[in-house]
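Here is the structure we will look at, set down as structure tokens.
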């Protein structure tokens with residue numbers, strides 16, 4: 001298991017293009033940048049924003065964008081605060097997400113601070129778990145508790161899928177069999193379960209491997225999937 005809190009499987013398994021933006025709506029001039037990139041996406045440089053729900057105690061828009069070196073400290077701070085992990089461990093890992101061409105982190109930012117992140121990276125056969133194939137894997141989604149419930153995890157996942165499908169035809173994902181929130185989120189996006197295998201990394205003693213095949217391959221068109229609240 002490769003995730004901090006990796007968020008499964010749907011009978012279909014194919015991502016269906018969506019002609020509509022997120023239900024949170026697109027607003028502000030910053031979102032014009034996202035629309036331009038949806039039409040002509042640039043791999044690894046995808047960004048857009050979400051509008052806060054009415055009545056939320058938090059304020060301001062949330063922007064989904066690739067991690068930069070300037071964001072690393074804020075992302076590490078989120079991991080340390082929420083996951084109680086050591087700062088040094090995440091700092092080295094997140095810096096690699098900026099410099100390594102075979103991995104990418106996307107962050108959700110509000111008022112310049114990272115309130116969520118999600119990673120995608122290429123792994124060798126068996127690296128994600130027993131009997132897992134080589135390929136690109138979604139990994140490590142985390143959202144600040146104060147910002148949950150407004151679709152940030154879903155939008156981080158969509159951004160990572162767009163990045164991955166510009167490089168491969170199939171994206172994989174592994175999580176614990178007891179991680180129902182993650183399984184439901186990925187199932188809503190079209191992932192289908194392919195196998196289960198024993199693992200000490202899961203509280204259930206078992207992990208689930210799921211995959212999602214692109215209908216557009218490496219065309220560069222964005223992968224958006226079905227609408228899913230999260």
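The values are calculated or read from the model by the stated rules, or taken from the named source; none is laboratory data. These numbers were taken from a predicted model, which means no experiment stands behind them. Note: ideal-geometry Cβ built from the backbone for every residue, glycine included; neighbour counts use all protein chains shown.
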Practice problem: State which residue pairs qualify: first residue within 19 Å of residue 123 (Cβ to Cβ) and inside region 85-99, second residue exposed (fewer than 13 other Cβ atoms within 10 Å of the Cβ) and at pLDDT 95 or above in any location, beta carbons under 6 Å apart, and separation of 6 or more residues or different chains. | Solution: 98/69
Quiz item: If you check residue 68 against the conditions, is it over 15 Å from residue 144 (Cβ atoms) and either at pLDDT 95 or above or surrounded by 13 or more Cβ atoms within 10 Å (Cβ to Cβ) (or both)?
Solution: yes
Practice problem: Taking residue 178 as the residue in question, decide whether it is closer than 21 Å to residue 77 by Cα and surrounded by fewer than 22 Cβ atoms within 10 Å (Cβ to Cβ). | Solution: no
Quiz item: Considering only strands (runs of 3 or more DSSP E) fully contained in region 92-163, which possess at least 2 residues that are in contact with a strand residue (DSSP E or B) (Cβ under 6 Å, 6 or more places away or on another chain), closer than 29 Å to residue 195 by Cα and modelled with pLDDT under 95?
Solution: 135-143
